[in-house]
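Structure, as structure tokens:
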Amino acid sequence: MDDRYRELLRTTTTTSLLEGLFDPDDEVVWQAFDSRYRPIITAVARRLGLTGSDADDVAQETLIQFVRDYRAGRYKRERGRLRGWIVGIARHRVIDMQRSRGRRKEVPAATSVERIPQDNEMEKIWSEELDRSILRQAVEELRRTTKTSENSIKAFEQVVFDRRPVNAVAEDLGMTAHDIYVSRSRITTRLREIAERLRNLYEAD
Amino acid sequence: MDEGHSERPPIEDIAAYARGEIADAELRARIEADEEAMELVRQIQTDDEFLTQLAGAWSNAPDGSGRGVPPAADLVPGYRILGELHRGGQGTVYRAIQERTKRTVAVKLMHGGAAASSKSRARFEREVELIASMRHPNIVTVFDGGDLPDGGYFVAMEFIRGVPLVRADAFERDMDDKSRSESIRMKLEQFASICDAVQYAHLRGIIHRDIKPGNILIDRDGQPKVLDFGVAKVLGLGDTPDATLTGEFVGTFAYAAPEQVSGGADEIDTRCDIYALGVVLYEMTTGCFPYEISGPMSQTLKNITETEPQPPSRIADGLDSEIDAIVASAMAKSPDRRYQSVGSLAADIRRYLAGEPVEARRDSSTYLLAKLAKRHRGPIAAGMLLLLGLMGVSIWMSLLYVRATEAEQRAETGMLSAQVEADKAAAVVELFTDIIETLRPEHGVGEVGRELTVREMLDSAASRVATRTAGRADVGVAIQLALARTYYSLELTQQALRLAQFAHEVAVKLDPDSTLVADAEELLGWLALGGGELDQAQEHMARALEIRESAEVVDVVKLAKALKGMASIARRRSPVDLDQALELVERALAVLAASDRDAWEVQVDLLNQKTVLLNSQGRLDLADQIAQMALDVCEEQGTGLIESVTPLQNLGMRAKAKGNPVEAIAKINEAISILESVYPEGHSRTASMLRRLALIHQDQDNHAKAEQVLDQSIEIFRANPGQKSREDLPRCLMALGRSQVELGDYAGGRDSGREAAQLLRQAANPNYWRLGLALQVEGAALVSLGQYAEAITPLKDCYSQMVKADRSESVEALECMNLLASAYDGLSMAEEAKTWRTRRQVVIDRREASRQAGSKR
């Protein structure tokens, strides 16, 4: 199951995933679709001002409703963009949540969603979050497909993610600063390639 | 290595150039002139552009984290990591799927400071196992934990959709009174549930160490869930919140107890959690911290250790002085002045919610005593507290009696009740002041620098109580009885008897039908029973019962206890009068059931008695039901309570008898873990339970395990000579001997059996049967060692003990005869061997005959 899941994530276009989604028993396709879109929806919900678990809830409910609608044949791929459809559902969920919170007075006014942006603005937010999500996935894939024991990867992560000085990392790992810059460049190129491939899978949604 | 490009500027400079950070014109020119260097510059620039985006990918969503390495999805073996949920000082929490079960879990990855030595790993694993064993509706269940290839740790736990417990929000200030009071009630109910969770953990010996709102989630049903139990310890973070390690020092310090921020690590105990809960309660009710924590560190520390917080009722509306008292008691600077258990804090919250007076306010008189003790701190403080603990309850009970009888008199005489109350309270405090004052070295009791024993304090108190309470004989008697009961529980029977007799004499003179007389009679009854004087015991207990029954206002609990006493005597009679004992226990249960007094502990005690009696009668199924009922009653009160130990033991041993070792081990293990959490390490009651566990292992032929467990319990018994040790040490040795023989350690088996026999012979009332069994272990080991001549004496002795015990036809006796025959064989004494074989055959035939006769009938 695990291999197929990875394979789906790595190589299958959203369109193909959507086809697989018709089979309610195919948990793996659902997991792949979930992994591909949940982070984006959650991020968009956050951008709309929702905090941690509220944004999680919105993503959860949105995905469930999307699949329900989709299986009921309410969404036709050729008629409109997937992101538009998902954003539509998410907006309703956000509004619902706001309403119920307001009733229960759970959240002080300042942190609740003040206004839901219009469609074109939502598109922009979606694109930005999609980019970010792709980059995150690219790193995940890189890590999955390389041995973390490999020194060049270690060096890359320490320099890029941990922001450690190149010299210190070089000394720790028995490399030269020059080696590190070279491998940094090599890995960056690889990440770009992975990101590019992943972007194609989304097919501009 | 760089020699080859000696003219080329170092790579750091090239990188700095690429980022526009080189001001030195000469260096710039040198780089620009070098084509390869410029190639590198362009490369670094394009990389930087992409990597900035990449770093930015974690900067906002979906997890709001701004830094750090995203973990690989398969970093944790057995889990697939999805998204990040929360990032904190100790680690980051991710949503993940457990591959095996496909359930969604939360996985916490910790870059904790624990060393990777195998010892600390073992400790970590033990700790995680312990934490993972907790099952409580208000605790986030931990499933799993372990270390990671990269040196970190992970803990997998239940995934809760919930929000962290937040402070009372500002908008509550605008609420109307009604909704405000509802909101406070709801919060207090939540808080009581939080306390339940912490209490549950404490009973298992797990201290949270990091209680704060961030570690408490409110789920969608409004139920609080406490997480990260013991994680601080697992991480080896030590016991002092450390800014550099947690990175959240303000958050952590705000909930740290004064002894945590100022004292050494050995000061950390459950009361630190109680303090933190106090701060949480303060925050929940007022929306503020109890003191300023945003200033300089030194000031914050000073505030924690010195500043008395404003009472909550002065800060927020809708609170009253009872809440103030609860918060003050939970947050007392000195751990000794706090609630001593989370259970009592929860109980007070519930009392408050039920509109009953809270214990925290009753602090004053006990506090007075504690303060006295503190004045003489050092040597006596610890022992004094123990003494007060032992006596406190009894004294209060006795005083309640005095209060009740005087209430009747008051009704007649029209005395001013308040004055009487005040007099009596003053008398008690005066007495204690006096007694404690006399414990000073200059009065010849203690010596400077030496710790006083409880015994010395008891003796001092006992010798003075009569003269110091001359004016109030009833108070004096009540205290003497309390002291006597304390002596009794310390197995100092002579002292207990003397005091009880004296108190009895005085009490009879005061009023021969008073509850005090009944108290004295009852204690004398137990003392007589302990000494084997059944008739005398019967007489005392019957008189106690008579007084309890005829009291104007019957105290059902005391009545039930007297009935239980009578039942215990009936059980010891020879021949045992099981029916009568059972009848008495049934009556006691009926008395309790008919009243509305909540005396579940007594009820459980009686149900346990009933279980044993039914077992002795062979009514096993009914016995099982009663044992289960007892356990249910306990568990209704809470999990992990000490009262559930006996029902668990009864059920466990029955499961053993029924051939269900798995359940038996589970029950006995549960009992052991409760005992270990309640009693100090190495308590004889724990040792007795370990012995039972060993017997189950023996049933399963797991002698290695049995030996290990028995070694543990024997060690405890040897260190704690006393009634229990006298009872159980020989039994442990006997069982150990049996396992040693099975494991081929015949010399060990011989020594164990021999020591058991010696101990049994020393007993005041020798148990022939047990002595026989011990001798058999010794004899069997000797035969196995080939020391036949030495084996004859213990084996013959074994046989004669079994005859004395009237079990000469038991399976064990047959085995004894068999061993004797083997020993004589070994000595080539065919005649004797034959004699014993013949004798054995006769018994076998007789058993067979009676078995057939039985089946025909």
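Couple of notes before you dig in:
- Flag for B:THR611 being polar (S, T, N, Q), closer than 24 Å to B:ILE674 by Cβ and not in a helix (DSSP H, G or I): no
- Filtered residues of the stretch B:82-118 (kept if modelled with pLDDT of 60 or more and either touching a helix residue (DSSP H, G or I) at 6+ places or on another chain (Cβ under 6 Å) or of a type in the set (Gly, Ala, Ser) (or both)): B:GLY83, B:GLY91, B:ALA96, B:ALA106
Results for (1) within 12 Å of another protein chain (Cβ to nearest Cβ); (2) at pLDDT below 80; (3) buried (at least 21 other Cβ atoms within 10 Å of the Cβ), shown as yes or no for each residue.
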site	(1), (2), (3)
B:GLY4	yes, yes, no
B:ALA25	no, no, no
B:ALA29	no, no, no
B:GLU39	yes, no, no
B:ASP48	yes, no, no
B:TRP58	yes, yes, yes
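- Taking the stretch B:674-779 and the helices (runs of 4 or more DSSP H) fully enclosed by it, the elements with 3 or more residues that are under 29 Å from the mean Cα position of the chain (by Cα) are at B:684-699, B:703-719, B:723-742.
Every residue, every condition in (1) over 15 Å from the mean Cα position of the chain (by Cα); (2) within 18 Å of A:ARG136 (Cβ to Cβ); (3) without any contact (Cβ under 8 Å) to a residue 60 or more places away in the chain, yes or no:
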residue	(1), (2), (3)
A:SER16	yes, no, yes
A:PHE22	yes, no, yes
A:ILE40	no, yes, no
A:GLY49	yes, no, no
A:ALA55	no, yes, yes
A:GLN60	no, no, yes
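- Filter result (of a type outside the set (Phe, Trp, Tyr) and either surrounded by 17 or more Cβ atoms within 10 Å (Cβ to Cβ) or within 13 Å of another protein chain (Cβ to nearest Cβ) (or both)) within the stretch B:7-21: B:ARG8, B:PRO9, B:PRO10, B:ILE11, B:GLU12, B:ASP13, B:ILE14, B:ALA15, B:ALA16, B:ALA18, B:ARG19
- Flag for B:TYR79 being over 60 Å from the mean Cα position of the chain (by Cα) and either modelled with pLDDT of 70 or more or crowded, with 17+ Cβ neighbours inside 10 Å (or both): no
- Residues satisfying the stated conditions in the stretch A:166-176, i.e. within 9 Å of chain B (Cβ to nearest Cβ) and surrounded by fewer than 20 Cβ atoms within 10 Å (Cβ to Cβ): A:ASN167, A:THR176
- Considering only residues in the stretch A:125-160 that are under 23 Å from B:ARG80 (Cα atoms) and acidic (Asp, Glu), the one that is farthest from the other protein chains (Cβ to nearest Cβ) turns out to be A:GLU150.
- If you check B:LYS610, B:LYS561 for being under 31 Å from the mean Cα position of the chain (by Cα) and in contact (Cβ under 8 Å) with a residue 40 or more places away in the chain, only one passes: B:LYS561.
- The single condition among (1) modelled with pLDDT of 65 or more; (2) assigned to a helix (DSSP H, G or I); (3) surrounded by fewer than 24 Cβ atoms within 10 Å (Cβ to Cβ) that B:THR244 does not meet is (1).
- Of all residues in the stretch A:166-205 being in contact with a helix residue (DSSP H, G or I) (Cβ under 7 Å, 6 or more places away or on another chain) and of a type in the set (S, T, N, Q), the one that is nearest to A:TYR37 (Cα to Cα): A:THR188
- In the condition set (1) facing another protein chain (nearest Cβ under 9 Å); (2) in contact with a helix residue (DSSP H, G or I) (Cβ under 6 Å, 6 or more places away or on another chain); (3) closer than 30 Å to B:PRO9 by Cβ, A:ARG163 is compliant with all but (2).
- In summary, A:LEU201 fulfils each of the numbered conditions (1) over 18 Å from B:GLN45 (Cβ atoms); (2) surrounded by 16 or more Cβ atoms within 10 Å (Cβ to Cβ); (3) facing chain B (nearest Cβ under 9 Å) with the single exception of condition (3).
- Complete set of residues in the stretch B:543-576 that are within 14 Å of B:VAL612 (Cβ to Cβ) and part of a loop (DSSP other than H, G, I, E, B): B:VAL576
- Cβ-Cβ under 9 Å pairs, at least 6 apart or on other chains, the stretch A:178-190 side facing chain B (nearest Cβ under 8 Å) and among the basic types (Lys, Arg), far side surrounded by 19 or more Cβ atoms within 10 Å (Cβ to Cβ) and not in a helix (DSSP H, G or I): none
- Just one of (1) at pLDDT below 80; (2) over 17 Å from B:ARG80 (Cβ atoms); (3) assigned to a helix (DSSP H, G or I) fails for A:PHE22. It is (3).
- Screening B:ALA328 against (1) farther than 19 Å from B:CYS272 by Cβ; (2) in a helix (DSSP H, G or I) leaves a single unmet condition, (1).
- Residues located in the stretch B:578-619, provided they are buried (at least 17 other Cβ atoms within 10 Å of the Cβ) and touching an Asp or Glu at 6+ places or on another chain (Cβ under 7 Å): B:VAL604
- Restricting the stretch B:162-190 to residues that are modelled with pLDDT of 75 or more and at the interface with another protein chain (Cβ under 10 Å from one of its Cβ atoms), the residue that is nearest to B:ILE81 (Cα to Cα): B:SER183
- Pick from the stretch A:31-69, criterion β-branched (Val, Ile, Thr) and either part of a helix (DSSP H, G or I) or over 23 Å from A:LEU135 (Cα atoms) (or both), ranking: nearest to the other protein chains (Cβ to nearest Cβ): A:THR42
The values are calculated or read from the model by the stated rules, or taken from the named source; none is laboratory data. Keep in mind that what you see is a predicted model, and the values were worked out from it rather than measured. Heads up, the Cβs are rebuilt from the backbone with ideal geometry, glycines too, and the neighbour counts pull from every protein chain shown.
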